Amino acid sequence: MFERLERLPDDPILGLMAAFREDESPDKVDLGVGVYRNARGETPVLEAVRRAERIVLERQATKTYVAPAGNAAFNQAMERLAFGAGHPALAAGRVRTIQGVGGCGALRLGAELVHAASPRSVVHVSSPTWANHVPLLTGCGLQLESYPYYDPVTGGVRIDAMLQALEALPSASVVLLHASCHNPTGADLSEEQWRGILAVIRRRGLLPFIDMAYQGLGAGVDADAFAVRLFAAELPELLVAVSCSKNFGLYRERAGTLHILTESASRSQAALSQEVRIARRLYSMPPDHGAAIVSQILADEALRDLWQRELGDMRERLVGLRRELVRRLNAACPTRDFGFIAAQRGMFSFLGASAQQVRALRTDHHLYMTEDGRINVAGLRAENLESFTRAVAQVLR
Ligand code: LMR
């Protein structure tokens, strides 16, 4: 049966983790996979998570099944976190939520729902987008196309070209948007640009599908959810996939949500019933541990405050690193301006390196980044900034 299966190449992002582990050089620096690292280069368990986890373990009386839609307290807490407590769409019962197996699972559930409603749908993603969007969205049979997004000259968004492309889409096209901390470019949309996109989406009758994987790591918990809240207030339909991997540091626990907003409470309920069936068919139900932790943090004022402080520290470290990186790179490469890195947000930026230069950085300098030249800024720290800058200046010259 299996003799015809060929060995596939490694995943473009996850494959880097293994290559990095195997590199024995003491100088190696991992700027590949998008996990946050502190000033010591660690991805620690947040203190809010540790405390919540202790409470969860003490109080847990059973390991029996929860439900295909997941942990109800978690789902509701996540609705309030994403949409803002008291959002009119929540008050009207127009948002229904299913827990995902992480943000990836939530994205896939959203794609499956679109496919169930309209199997020939086309999803339009930014050019470029996160590599794993492609298999997640097309794996259930949806078509994929792209709209212009990143401008490598300015390091910002090609907003006019993007709006023009959206304006030309047939109605009911699905548009995947990154709420904040755009992956892989770090180039985010301003509030004014989001308003422009909203106008086109409304005029053309498009379905926005927002991927919010970094809430709180860009401009703040509320600011990063600006588009979710605006669109939910102004549009009849919206899908939002949220991840708790990065902002709660819960990567391996696979906690996330898919929020479904339709015109009425009864339609949202119908869509949720479809999702529950889809989840049952795919994996039955999501894991509970991470969801229970997040739900505990968000329900407890002291834990929530602690989490917000820890998240704020992560955000500030990224902002500080970006500034320092620009200062050093501009000094080391006087013919280039890396100022765009400080204007971008979250963990990622494009260095502007070709695939060949990326390979040289890896083989000659033990710097690991994805082949498109994306760096995870959080992988930098006081001890490696200088060698990183020197290597980049040498290779990009
Ligand atoms: C990344 O973009 O590196 C992260 O989102 C991790 C992943 O699963 O790809």
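The values are calculated or read from the model by the stated rules, or taken from the named source; none is laboratory data. Note that the coordinates shown come from a computational prediction; the quantities given were computed from them, not determined experimentally. No Cβ is skipped: glycine too gets one built from the backbone with ideal geometry, and neighbour counts run over all protein chains shown. Note: areas computed on protein heavy atoms with side chains; ligands, DNA, RNA excluded. Shrake-Rupley method; radii C 1.70, N 1.55, O 1.52, S 1.80 Å.
Calculate the FRET efficiency for ARG309 and LEU5 from the Cβ-Cβ distance with a Förster distance of 41 Å, rounded to the nearest 0.05. Spell out each step's value before the answer.
Numbers: r = 49 Å, r/R0 = 1.19.
That gives a FRET efficiency of 0.25.
So between ARG252 and LYS63, what do we pick up on full extension, going 0.36 nm a residue minus the alpha carbon distance?
On the way: separation 189, 0.36 × 189 = 68.04 nm, distance 1.90 nm.
66.1 nm is the gain from fully extending ARG252 to LYS63.
With the dipole of the chain worked out from charges on the C-beta (+1 for Lys and Arg, -1 for Asp and Glu) around the Cα centre, which of CYS333, ILE260, GLY84 lies farthest toward the positive end?
ILE260
To two decimal places, what compactness ratio does region 1-121 give when its Cα radius of gyration is scaled by 2.2 N^0.38 Å?
Values: Rg = 20.6 Å, N = 121, 2.2 N^0.38 = 13.6 Å.
Here the answer is 1.51, to two decimals.
Multiply the residue gap between GLU386 and ARG50 by 0.36 nm, knock off their C-alpha separation, and tell me the result in nm, one decimal place.
Details: separation 336, 0.36 × 336 = 120.96 nm, distance 3.39 nm.
Here the answer is 117.6 nm.
Along Cα→Cβ, 7 Å out, is where each label goes; now give me the distance between the ones at ALA270 and GLU191 in nm to one decimal.
3.6 nm
Could you compute how fast the chain diffuses translationally, taking Rh as the Kirkwood radius over C-alpha pairs and applying Stokes-Einstein at 4 °C with viscosity 1.567 mPa s? Give it in µm² per second.
Details: Rh = 21.8 Å.
The calculation lands on 59 µm²/s.
How many percent of the accessible area of the chain is carbon or sulfur, using a 1.4 Å probe?
On the way: 9120 of 18280 Å².
The value for the chain is 50 percent carbon and sulfur by accessible area.
Across the chain, where is the longest run that never hits chymotrypsin sites (Phe, Trp or Tyr not before Pro) in a DSSP loop with at most 10 other C-beta atoms within 10 Å?
Working: sites that count: PHE2, TYR65.
The reported range is 66-397.
Please work out how much accessible surface VAL45 shows to a 1.4 Å probe, ignoring ligands, DNA and RNA, in Å² rounded to 10.
70 Å²
Pairs of alpha-carbon atoms within less than 8 angstrom and 6+ residues apart define the contacts here; what relative contact order does region 65-299 have, in percent?
Here the relative contact order equals 30 percent.
Considering amide H positions built from the backbone, and no H for Pro or chain starts, which residues 5 or more places from HIS124, or on another chain, come under 5 Å of its amide H?
Amide H neighbours of HIS124, under 5 Å, 5+ apart: GLU145, VAL174, VAL175, LEU176.
Determine the dipole magnitude for the chain: charges of +1 sit on the beta-carbon of Lys and Arg, -1 on that of Asp and Glu, nothing else is charged, the reference point is the Cα centre, and the result goes in debye to the nearest 20. It would help to have the intermediate numbers written out before the result.
Numbers: 45 positive and 44 negative charges, 73 e Å.
Using only the charged Cβ atoms, the result is roughly 360 debye.
What number, rounded to the nearest 500 deg cm²/dmol, is the helix-based mean residue ellipticity at 222 nm of the chain, given -39500 (n - 2.57) per DSSP H run of at least four residues and division by all its residues? List each step's numbers first, then the result.
Numbers: 15 runs with 183 residues, N = 397.
That calculation yields -14500 deg cm²/dmol at 222 nm.
Between ALA343 and GLU301, what is 0.36 nm times their sequence separation minus the Cα-Cα distance? Round to one decimal in nm.
Working: separation 42, 0.36 × 42 = 15.12 nm, distance 3.27 nm.
Gain on extension, ALA343 to GLU301, equals 11.9 nm.
What number in nm² do you get for region 65-299 if you take the convex hull of its Cα atoms and divide its surface by four?
On the way: hull surface 45.7 nm².
Here the figure is 11.4 nm², rounded to one decimal.
Heavy-atom accessible area per residue, the chain, 1.4 Å probe: how many Å²? Intermediate results must be reported in sequence, preceding the final value.
Working: 18280 Å² over 397 residues.
Heavy-atom accessible area per residue stands at 46 Å².
Where the centroid of each part is defined by its Cα atoms, how far is region 246-303 from region 1-25 in Å?
30 Å
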